[in-house]
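Taken together, the values in this text are just the output of simple stated rules run on the coordinates, not laboratory data. Keep in mind the model is a prediction, meaning the values are calculated, not measured. Neighbour counts are summed over all protein chains in view; Cβ atoms, including those assigned to glycine, are modelled from backbone coordinates with ideal geometry.
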Amino acid sequence: MVQNYFDDEEIKVVNMLAGSGSTSDGSFIAGKTKATYFNKQDASLKSDKFKVLVELTGAEAGEHRLGVDLVMMLDVSSSMKGKKLENMKTATKFLVRKLSHVDRLSIVKFSANAERLCRLRLMTPDAHSYVEGLVDGLEIDSGTNITAGLEESVKVLSNRMFTKGREVAIMLMSDGDPFPRTADGSQVSINNVAVHTFGLGQDYHPKVLHNIAQRSNGGTFSTADVENTKTSNLSIAFSQCLAGLLNVVVQDLTLTITKVGSTIEKVSAGNYFQSSNESEGSKTISFGNLYSTEIRSVLVDLVLDEVTESQGTDVLEFTYTYKIASGEVYDAPPVIITVSRTETPLTKESPKVLMEEARQHTANKMKEARKMADANRFDEARGELNKAKDYLKRDGLDKSHPNIKGLNSEVDQFLKLLESPDIYKKLGRAFAFASELSHALQRFAARGDVNELRLFATDAMDQYLDQVKNYEKFPDAPVQSSNEDIKERKVKNPYADIADILSMHLGEAIQSLKRIQDIINESH
C-alpha cells in the first residue's frame, strides 16, 4: 500500500520582514527584473544579417523573497562510509543553519530503500536542532536505489497542503552507481520540480545525475571532491545551490521576441523551451525562475528587410512577463529596437554580442570534446578545446573581462582532466557534464576549482562561498542568517534596488518618447 503524507507544517509567516518593496496592503512592487539589449547602431540598406542580444537580470531579492520548500535526498549506501559520510553531514548542517522561518525542509535518506526522516517543517531554531540531530544520526546501509529516493522526495512535495507562493526543489546527493542498475531514477516523474544533483567523489555515474537534473525544471548538476577540499567540496557545492534557492526573485519568467522589419532566423537561449507564433512572427522563451542578480542572455539572429533610403527602422520588439512573491503577474511594456540604415555603416559589433558568441562557441566545443573523449578520441578532444582557446583570443573580445577569463579557466581545467583516460573517467566526464548543463541553463554549478570558475555566479553565491569557507574552518561558529545576508548585501550596494527601478522606468520613458516622436512625424 502506498503511503501518502499530507502533513507538511502550516506556513505561519509568508514574508521575512516588512520592508522596502512592500506596500501597506501586503502586495509588492513588481519591478524585479530589468531588461537591456545590445546591438550595432547602424546597418546597411540591404537585406543583411544582424544580431541582437537581450539580457534579463534579476534584482536584489529583498526582505520579501519567496520561501523555499526543500527536500534533501541523501545517499547512505555502503560506499559513503568514512570521510564521505562526514563530509555530507557537515555540508547538510551548514545548509540547515542557513534556512529561516519562511523555509521548510524534509530529509529523505536512501540506500536499497528510501525513508523520509521528517515531514516538511518550518526551519525555526527548534527545528534546526531537531534536523541536525537527524543528520548526525545517519548511518550506512547497502544499495544505491536512486529511483526509490527520488520517488519518495517527489511525493513529499506533491503531497503538500500549503503551496501558495513557494519555491520548490530537491537536492540529491550520491557517490555511487545506481544499484540495482535499473534504479537510476530515469522513470520517475519529476513534475514541475527543480532537482539539483551532486556527485561526490570519483566513483558515481555522472550521466545518471546529469540526466535527472536536465529533465527537471531548472535543476543543475554539480561535482564535489573529497580530496581537494579547498577548491571543491560538498559544503561549497551545497552552499552555491542554496544561495540561488534562497534568493529567487521571480517565477514563470517568459520573454517574447517579435520581428519588426526583419525575419528571425535563430534564437539562442540554451535548453529553455521555445514556442513560436508564425502568424505574429514571434518566439517565446520560458525561463522558469530567476535568482537575484542572475542573468539570462538571449542572442537573436535576424535578417533585416531591405530599405531603399537612409532612415531609422524598427527591427525587433520584445516584452517579458513574470510572477512575484505575492502571486501578482507583471507584464513589461514592449521595447522596440531601432537601427539606423545607411549605405556605409560604421559601427562595429557590440562587445557584449561578441562575448555571448564566445561563450556559446566555447560551450559547444567543450560538448564536442566530451563526446570525443567518451569515444576514446582524446587527441581530437584536446584539439577541440585548443580551438576554443584560439577563439577566445579573437579581436573584439575584452580579454580582461571576468567572463572571458572564466571561459579560459574552464577550458584549461578541462584540458587537465583530459591528460589521461583514467583522470577523464574519474573526474573529467563529470566536469564536462556539469559544464554543459550549467551553460545550457546559464546557471552556476560547482565543478573543478570553484575559486577560479565563477561563471554565472550571483552576488549571493559569492557571499555564501566566503561563509562556507569560514564554516569549514570553524563548524561550531554561528552561521549568518539569510535575513542578515540580504542586509549585508544592501550595505555593500545600497543603491541596487533604486538603480534597477530607475533603469526600468527610464526604458519605459524612452519608449514613450519614441512613440510621441513617431506621432509627431506622422502628423507632418
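Figures for the structure shown
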quantity	calculated
Dipole magnitude of the stretch 349-449, debye to nearest 20 (Cβ charges: Lys/Arg +1, Asp/Glu -1, about Cα centre)	220 debye
Residue among Q251, Y322, Y471 farthest towards the positive dipole end of the chain, charges placed on Cβ	Y471
For the chain, with +1 on Lys and Arg beta carbons and -1 on Asp and Glu, the positive-most of M171, F50, I486 along the dipole	M171
Centroid-to-centroid separation of the stretch 133-202 and the stretch 383-449 [C-alpha atoms, Å]	28 Å
The chain: proportion of alpha-carbon pairs further apart than 41 angstrom, %	24 percent
Longest to shortest principal axis, alpha-carbon extents of the stretch 349-449, angstrom	41, 25, 19
Within the chain, helix-based [θ] at 222 nm, where runs of 4 or more DSSP H residues each add -39,500 (n - 2.57), nearest 500	-11500 deg cm²/dmol
Peptide ranges 392-402, 406-416, 454-464, 260-270 listed from the most packed, as the mean C-beta count within 10 angstrom indicates	454-464, 406-416, 260-270, 392-402
Alpha carbon centroid spacing (whole Å) that separates the stretch 467-487 from the stretch 331-355	44 Å
Loop GluC sites (Glu not before Pro), the stretch 100-203, which have at most 16 other Cβ atoms in a 10 Å radius of their Cβ (DSSP)	E139
Lys/Arg +1, Asp/Glu -1 at C-beta; the stretch 349-449 dipole; positive extreme among L441, S409, G396	L441
Neighbour-count order for L242, L138, fewest beta carbons within 10 angstrom listed first	L138, L242
Percent antiparallel among DSSP beta bridges (both partners in the chain, rounded to 5)	70 percent
